[in-house]
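The values are calculated or read from the model by the stated rules, or taken from the named source; none is laboratory data. A quick note: this is a predicted structure, and the numbers were derived from the prediction, not measured. Glycine gets a Cβ as well: all are built from the backbone with ideal geometry, and neighbour counts include every protein chain shown.
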Amino acid sequence: MRLDIPEPETGELTIVLADDHKVVRSALHMLLEAEPDIEVVAEAGTADDAVRYARGHKPTVLILDLDMPGRPSLEAIPDIAEASPDTHIVILTMRSEPEFARQALKLGVRGYVLKEAADAELVQAVRSAAAGETYLQPALEARLAAEANEQDADDLTERESGILELIALGHTNAEIAEQLFLSIRTVESHRANLQSKLDLNTRAELVRYALDHGIIGA
């Protein structure tokens, strides 16, 4: 259902919170609304809800958790941007792996904050995003900088090539994890790292890369 709710004309920073844990949303809601110029206008429990609320509310900032049930949050980011082009996205997550931050930044997010630092840094990230600036949690930013030149973009490890082959052949993360005796989270990390290293955002692009480089046959 389309939500045609206008943004308040008060000059406030309006926020949509997207996290599948109600307790987390409640705590973040209180943290943000303790600021005199910030208003939380909606709370979403899935990435698809986040898209709908972005379209309906046109918030200044949408705070997005990476791990919610249903559709992956990273896949929803382009739809959020299309639904509300002026909305800035801040990722708030438990995922500290640099590859997820790199992938999110390539998709256009304005902030990446770990939940463990939310009390100290989320408001700052929201204000930076609203001003059109990018905010990375300092510890994560340092890790990204340290790893920037460690590997050539096309220098895939044997494990990454194997996972890319299975992705290109149509296997799900769960199926790949079962075949390679890995956890699903490990497969997700490898997949995000592959997309980041190769600068590819969709499965179709990964399939084309695998075909072009002989990883799978035509």
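Could you check how many residues of the range 90-149 are of a type in the set (A, V, I, L, M, F, W, C) and assigned to a loop (DSSP other than H, G, I, E, B)?
Going through the range 90-149, the residues of a type in the set (A, V, I, L, M, F, W, C) turn out to be 90-92, 94, 100-101, 104-105, 107, 109, 113-114, 117-118, 120, 122-123, 125-126, 129-131, 136, 139-140, 142, 144-146, 148.
Of the ones still in play, those that are also assigned to a loop (DSSP other than H, G, I, E, B) are 94, 107, 109, 131, 148.
Residues meeting the conditions: 5.
Of all residues in the range 68-89, which are within 9 Å of the chain's Cα centre (by Cα) and either assigned to a loop (DSSP other than H, G, I, E, B) or farther than 23 Å from residue 172 by Cα (or both)?
Applying the first criterion (within 9 Å of the chain's Cα centre (by Cα)) to the range 68-89 yields 72-77, 89.
Scanning the range 68-89 gives 72, 89.
Residues are listed down the side, and each one gets a yes or a no for (1) part of a strand (DSSP E or B); (2) more than 12 Å from residue 123 (Cα to Cα); (3) basic (Lys, Arg); (4) outside the structural domain of residue 114 (by TED's automatic domain parsing):
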| position | (1), (2), (3), (4) |
| --- | --- |
| 17 | yes, yes, no, no |
| 20 | no, yes, no, no |
| 25 | no, yes, yes, no |
| 29 | no, no, no, no |
| 32 | no, no, no, no |
| 40 | yes, yes, no, no |
| 49 | no, yes, no, no |
| 54 | no, yes, no, no |
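Looking at (1) of a type outside the set (Asp, Glu); (2) within 23 Å of the chain's Cα centre (by Cα); (3) modelled with pLDDT under 95, which one does residue 15 not meet, given that it meets all the others?
(3)
Surrounded by 17 or more Cβ atoms within 10 Å (Cβ to Cβ), among the β-branched types (Val, Ile, Thr) and in contact (Cβ under 8 Å) with a residue 40 or more places away in the chain, is that true of residue 167?
Working: surrounded by 17 or more Cβ atoms within 10 Å (Cβ to Cβ): yes; among the β-branched types (Val, Ile, Thr): yes; in contact (Cβ under 8 Å) with a residue 40 or more places away in the chain: yes.
Yes.
Return the residue satisfying two criteria in turn: it lies in the range 170-188 and is touching a residue at least 12 places away in the same chain (Cβ under 8 Å) and surrounded by 18 or more Cβ atoms within 10 Å (Cβ to Cβ), and of such residues it is nearest to residue 93 (Cα to Cα).
The selected residue is 188.
Before we move on, is residue 192 in a helix (DSSP H, G or I), closer than 19 Å to residue 101 by Cα, of a type in the set (A, V, I, L, M) and modelled with pLDDT of 85 or more? So that I can check it myself, show each step before the final result.
Details: in a helix (DSSP H, G or I): yes; closer than 19 Å to residue 101 by Cα: yes; of a type in the set (A, V, I, L, M): yes; modelled with pLDDT of 85 or more: yes.
Against the criterion (in a helix (DSSP H, G or I), closer than 19 Å to residue 101 by Cα, of a type in the set (A, V, I, L, M) and modelled with pLDDT of 85 or more), residue 192 qualifies.
Among the numbered criteria (1) modelled with pLDDT of 95 or more; (2) of a type outside the set (Phe, Trp, Tyr); (3) under 30 Å from residue 215 (Cβ atoms), which single criterion is violated by residue 71?
(1)
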